[in-house]
Amino acid sequence: MNYYINQTICIQSLKIGSINNSSVLQIGSAGIIKPVSHLHNTGGFTEPAPEAVSSTLEGPAVPLTSPTSA
């Protein structure tokens, strides 16, 4: 069975707190959302990237707080 949905969506303001590579932003209806990933060499690089420089951190890079019980 096929459903055909016609929609008109008017968005006055849209604020997105954060988004990353695995996020999905859906506005409206979607029957199937298929994951897709594309790798493109847009910089025209021909050699491997240099090794990452390791740094020694004194504790976590982001300050963490202790969990509180509710």
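The values are calculated or read from the model by the stated rules, or taken from the named source; none is laboratory data. Computed from a predicted structure; not experimentally measured. Every residue, glycine as well, gets a Cβ built from its backbone with ideal geometry; the counts of neighbours run over all protein chains shown.
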Within region 22-51, which residues are farther than 23 Å from M1 by Cα and modelled with pLDDT under 75? S22, S23, V24
Scan of region 52-62 for residues that are within 25 Å of S23 (Cβ to Cβ) and modelled with pLDDT under 75, ordered by number: P60, A61
